[in-house]
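The values are calculated or read from the model by the stated rules, or taken from the named source; none is laboratory data. For clarity, every value in this text was computed on a predicted model and none was experimentally measured. We place every Cβ from the backbone using ideal geometry, glycine too, and count neighbours over all the protein chains shown.
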Amino acid sequence: MTLPYAPARWPSVTATVVLWAAAAASIVFWGLRLAAPADGVRPPAVSTVAALNVDSAAVARALGAQPVVERVVAAPDAASRFVLLGVVADDTGRGAALIAVDGKPARPYRVGATLAEGYVLQSLDARAVNIGGARGGSAVFSLKLPVQPLAVNGPVRPPPVMPRD
């Protein structure tokens, strides 16, 4: 028995073979491309445009930029970097000083300790400290404890004692 209509099989078979061949060729191409060693030296980039000489100041003026005036900022006085908050010292000059450096919280320092880059606590007494560049060198500046104001109301009196019956 023959079928009245029998489509030809060869176009679908041919298309399938061509697609599988293209897939295999793509896999082989990319496999070889990824497995190949990278070129060590790339050719130099060739610039076809010559370097332009541009006056950046003239361009800035044309675009409306204002000239920058450089201001010289005065360096702060070295003594203003340090604040003396307390001193514990004996008669021989040994002890510690409570000093705040550059606005940071205060820390205790002994004689000979480095306070900041290039500043050493050289000596101290009951109400002042001397700070210099080296331990044995001369003092660059001194810090003194602030004077406490006297009480306005006078001395503090104890409360009166009530007699017991």
> Considering segment 97-151 alone, what residues qualify as being surrounded by fewer than 16 Cβ atoms within 10 Å (Cβ to Cβ), under 31 Å from the mean Cα position of the chain (by Cα) and of a type in the set (Ser, Thr, Tyr)?
Replying inline: THR114
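Restricting the search to segment 140-156, which residues are touching a strand residue (DSSP E or B) at 6+ places or on another chain (Cβ under 7 Å) and modelled with pLDDT under 75?
none
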> Restricting segment 76-102 to residues that are modelled with pLDDT under 85 and in a loop (DSSP other than H, G, I, E, B), which is nearest to PHE141 (Cα to Cα)?
Replying inline: ASP77
> Considering only residues of segment 115-139 that are farther than 13 Å from ALA97 by Cβ and assigned to a strand (DSSP E or B), which is modelled with the lowest pLDDT?
Replying inline: ALA139
